[in-house]
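The values are calculated or read from the model by the stated rules, or taken from the named source; none is laboratory data. Small disclaimer: the values here were computed from a predicted structure and weren't measured. Cβ atoms come from the backbone with ideal geometry, glycine included; neighbour counts cover every protein chain shown.
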Amino acid sequence: MAQLRIALAQVNPTVGDLDGNRRLVVAAAREAADAGAHLVVLPEMVVTGYPVEDLALRKSFVSASIKATRGLAADLAEAGLGELPTVVGYLSRREDQSAPGASPGQPAGAPQNAVAVLHQGRMAITSAKHHLPNYGVFDEFRNFVPGDTLPVVRVRGIDVALAVCEDLWQEGGPVTAARAARAGLLVSLNGSPYERHKDDVRLELCQRRAREIGAALAYVNMVGGQDDLVFEGDSLVVDAEGDLVARAPQFTDTLLVADLELPEAVDHPDDPDRFDGLRIVRRTLTAAPVAPYPPDENTVTPRPDPLSDTGEVYQALVTGLRDYVVKNGFRSVLVAISGGIDSALTATIAVDALGPDSVHGLLLPSEHSSEHSVSDAEDLAERQGFAARTAAIGPMVAAFERAAADTGAPLTGLAAENLQARVRGTLLMGLSNQEGHLVLATGNKSEAATGYSTLYGDSVGGFAPIKDCWKTLVWELARWRNDEAARQGRTPPIPENSITKPPSAELSPDQLDSDSLPDYAMLDAVLDAYIGTDKGEAELIFAGYEPALVRRVIRLVDRAEYKRRQSAPGTKISSRNLSRDRRVPITNRWTV
């Protein structure tokens, strides 16, 4: 057996920031070298950021990525890190139009999701992702063409095979080729977005693949937010039996260093050069094993909340909001605080993400606002130390009502209720323009699903932190955050009354959400089945849901699609959100 110290750098790149991402890689390699690593691995497409979506179709961007990756190899050599093999993901192109796996009609030079090993100032070996996912948030058949090689690099006398993300999730291809190539270690570069419960699935997958290959497996994942996606890291290493050897924390930039004992590479005359449709391409970087050394104790970061993932979800929401604000150049956010649970949780996430000095609250009471709504909103701001202002909307609403009456169409009923929400939205966006804040929409997934929001009113905003959270999860998150504060001996950030009182839009006298919607526990269960698993009316009724409730919920969801198309992006935390994952036509007469 031979020894190898591997470093997995879970870093937070930004799409399009090639220079900044290069600096991230050099810094990670420097830290890995200081830790005595023999190999350092960074995430999928770390040079460009991920996902690049249709930027991959711009020839200028592909060329810039290739140039940046070559420059990165030179950067590492100039920094004295050229002897440390550094594995990076980047955007490349296929130059050979006749390569196996090419899609008909795609020209030479089509983009590829690629991996490169940087060594001694050059790109020692390159390859490209073989399996291209085309489900959920992924649309890689649109953006890339597949690779047809399995790269195997010999590092300190150990054969290391390289794969990219989906290559690990799918049967065959790089996984089986790595076994045929007698690799002692399979390294997987990933840009794997966060979803609830995915960390357990990920670990089980890595364990299963290691046992199939008969080799240790190192999995590195990026961390941070990119638009509505968030990456939690969770990089890990398992041995050939599938036992967990090392694991990084979630939602934190970190370098996971692990000492491994792996089989020393032995050349066999019958080693295949092609397997399962892939060419096995080998490069020797350092043939001799390292001299034996005392290994350090590997880190296995324990998972918080072993019986619940509520805290994990909360971390994802904080990370997603923080990076959306910071990466897009905003310095502050503006939240309409109503005293209700949705705005209270949104403001709390914002304070945890950005600090109280970067959060501005705006109270917008109307004639229908209860006294406790105002006091609860003021209490929220005081507990968390962010600035809050009040602008009573009554006079503005009255002015609009007079203008509408002058046209011969006085506003009554629902139109009058929605006017109040739209006045609030107009004022929020006006202050955003004037003062440069990013407005945070406070709507939850239950409201977005059923259309229980006012277009250009309470739905306005540039980002919606709890957009993918059912109402029942909103309450759960609020209670978790308060309990966490109490556990730490701090003041709970959310007023208890905001959590316990019946939810209300307060657009008419004594209005409650229950006047318009079913009980949220039942509503969310039906919504999750209809949206999350695409069960139709008959299947939902067969599952035991009351027929009238099912038909009502389906009608609400289907009629609200046009609203969702115009909504702000928000952090995805479920396996089926309402934008990237679920795409249905607005004009649609299929109702069952």
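Details
- Any hit, the stretch 5-28, residues being farther than 20 Å from Tyr293 by Cβ, touching a residue at least 12 places away in the same chain (Cβ under 8 Å) and in a strand (DSSP E or B): yes
- The criterion of at least 2 residues that are at pLDDT 95 or above and in contact with a Ser or Thr (Cβ under 8 Å, 6 or more places away or on another chain) is met by the following strands (runs of 3 or more DSSP E) wholly inside the stretch 155-234: 158-164, 216-221, 223-226, 229-232.
- Test: Ala29 is buried (at least 19 other Cβ atoms within 10 Å of the Cβ), under 24 Å from Gly184 (Cα atoms) and modelled with pLDDT of 95 or more: yes
- Of all the listed residues (Asn113, Asn190), the sole one being in contact with a Cys (Cβ under 6 Å, 6 or more places away or on another chain), polar (S, T, N, Q), in the same structural domain as Glu264 (by TED's automatic domain parsing) and buried (at least 20 other Cβ atoms within 10 Å of the Cβ) is Asn190.
- Number of the condition not met by Trp590 [criteria: (1) under 15 Å from Ser446 (Cα atoms); (2) of a type outside the set (Asp, Glu); (3) assigned to a loop (DSSP other than H, G, I, E, B)]: (1)
Conditions tested, residue by residue: (1) buried (at least 16 other Cβ atoms within 10 Å of the Cβ); (2) in the same structural domain as Asn418 (by TED's automatic domain parsing).
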{"site": "Ile280", "(1), (2)": "yes, no"}
{"site": "Asp296", "(1), (2)": "no, no"}
{"site": "Ile341", "(1), (2)": "yes, yes"}
{"site": "Leu345", "(1), (2)": "yes, yes"}
{"site": "His360", "(1), (2)": "yes, yes"}
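- Residue list for the stretch 513-554, filter: assigned to a helix (DSSP H, G or I) and under 13 Å from Tyr452 (Cβ atoms): Asp513, Ser514, Asp515, Tyr520, Leu523, Asp524, Leu527, Arg552, Val553
- Considering the stretch 134-155, and only residues there that are buried (at least 18 other Cβ atoms within 10 Å of the Cβ) and in contact with a helix residue (DSSP H, G or I) (Cβ under 6 Å, 6 or more places away or on another chain), the residue that is nearest to Gly532 (Cα to Cα) turns out to be Asn143.
- Residue within the stretch 545-553 that is crowded, with 16+ Cβ neighbours inside 10 Å and among the acidic types (Asp, Glu) present: no
- Residue match in the stretch 44-65 (condition: assigned to a helix (DSSP H, G or I), assigned by TED's automatic domain parsing to the domain that holds Pro85 and within 23 Å of Leu186 (Cβ to Cβ)): no
- Within the option set Leu428, Leu414, Leu380, being assigned by TED's automatic domain parsing to the domain that holds Trp470, free of Cβ contacts under 8 Å to residues at least 24 places away in the same chain, part of a helix (DSSP H, G or I) and not acidic (Asp, Glu) holds for one residue only, Leu414.
- Ser366 being touching a Lys or Arg at 6+ places or on another chain (Cβ under 9 Å) and more than 28 Å from Arg481 (Cα to Cα): yes
- Yes/no for Phe386 being surrounded by 19 or more Cβ atoms within 10 Å (Cβ to Cβ), assigned by TED's automatic domain parsing to the domain that holds Ile337 and of a type in the set (Phe, Trp, Tyr): yes
- Scanning the stretch 125-154 for residues that are at pLDDT 90 or above, outside any loop (DSSP other than H, G, I, E, B) and within 16 Å of Val115 (Cβ to Cβ) gives Ile125, Thr126, Ser127, Ala128, Thr149, Leu150, Pro151, Val152, Val153.
- A single entry from Leu256, Leu285, Leu262, Leu278 fulfils the requirement of being closer than 21 Å to Val220 by Cβ, in contact with a Ser or Thr (Cβ under 8 Å, 6 or more places away or on another chain) and either at pLDDT 90 or above or of a type in the set (Ser, Thr, Tyr) (or both): Leu256.
- Exactly one residue among Ala421, Ala448, Ala399 is part of a helix (DSSP H, G or I) and without any contact (Cβ under 8 Å) to a residue 40 or more places away in the chain, and that residue is Ala399.
- Matching residues in the stretch 555-585 - criterion: being in a loop (DSSP other than H, G, I, E, B), of a type in the set (Val, Ile, Thr) and in contact (Cβ under 8 Å) with a residue 40 or more places away in the chain: Thr571, Ile573
- Flag for Ile158 being touching a residue at least 12 places away in the same chain (Cβ under 8 Å), buried (at least 23 other Cβ atoms within 10 Å of the Cβ) and farther than 30 Å from Gly570 by Cα: yes
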